[in-house]
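Every number here is computed from the coordinates shown, using simple stated rules; none is lab data. Model, not experiment: these values are computed from the prediction. Cβ placement follows ideal geometry from the backbone for every residue including glycine, while neighbour counts extend to all protein chains displayed.
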Amino acid sequence: MTRISATTRSVQALPMLALLSTPASAILPPSREQAVMDAIERSIVLPQKAWPFAAYGRNYAWSEATHVVATYILPSLPSDPREGCDLLTDDFKTRPCTPEENAEMDRQETQFLTAETPAGRRRWFAKPIDLPSMSDGGCMQISVAYDIASRSVTRAVCNGHA
């Protein structure tokens, strides 16, 4: 089932649910990680088509002892409950959602939004595989790599498009 709504972001939110890590995989960063995040954020130059820095939720992890990887992701906007809901059926027609389907989609959306790093905030994750990510999206996600030895951002690129 696919939820169809008037806004593009709310359509993207539900399929991305499976791609985002849960908040349980984020860990409280010790002072070393805080210092590394500060260094990255002082030196990073976002891609030309990126949104303003403060618009992104920023997620970091060690990829090895001397390298850090990060994903900066624009948080999703909640769906407008006044939009209503239609489902795409197997024969590519639509039908209105039932009250039960609406309730389940609302529950999933709440879970999804809770798992995201809010705009302007940052989190440290135990492993790179735990970092939230999305498919496609262009500059809605920026992938970052940082080298500790050279104290430099070695990569800051927007995600691709399908």
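When Lys and Arg each count +1 and Asp and Glu each count -1, what net charge do the other residues less than 12 Å away from Thr98, Cβ to Cβ, add up to? Could the numbers behind the result be given before it?
Details: positive: Arg95; negative: Asp86, Glu100, Glu101, Glu104.
Around Thr98, the surrounding residues sum to -3.
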About the Cα centre of region 28-153, what is the dipole size in debye to 20, counting +1 per Lys and Arg Cβ and -1 per Asp and Glu Cβ, all else neutral?
760
Counting alpha carbon pairs within less than 8 Å and at least 6 residues apart, what relative contact order, in whole percent, applies to region 82-162?
17
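May I ask for the net charge around Val157, where only other residues with Cβ less than 14 Å from the Cβ of Val157 are counted and Lys, Arg are +1 while Asp, Glu are -1?
Numbers: positive: Lys49, Arg155; negative: Asp136.
Residues near Val157 contribute +1 overall.
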If you add up the charges near Thr117, with Lys and Arg at +1 and Asp and Glu at -1, over every other residue whose beta carbon is less than 15 angstrom from its beta carbon, what do you get?
0
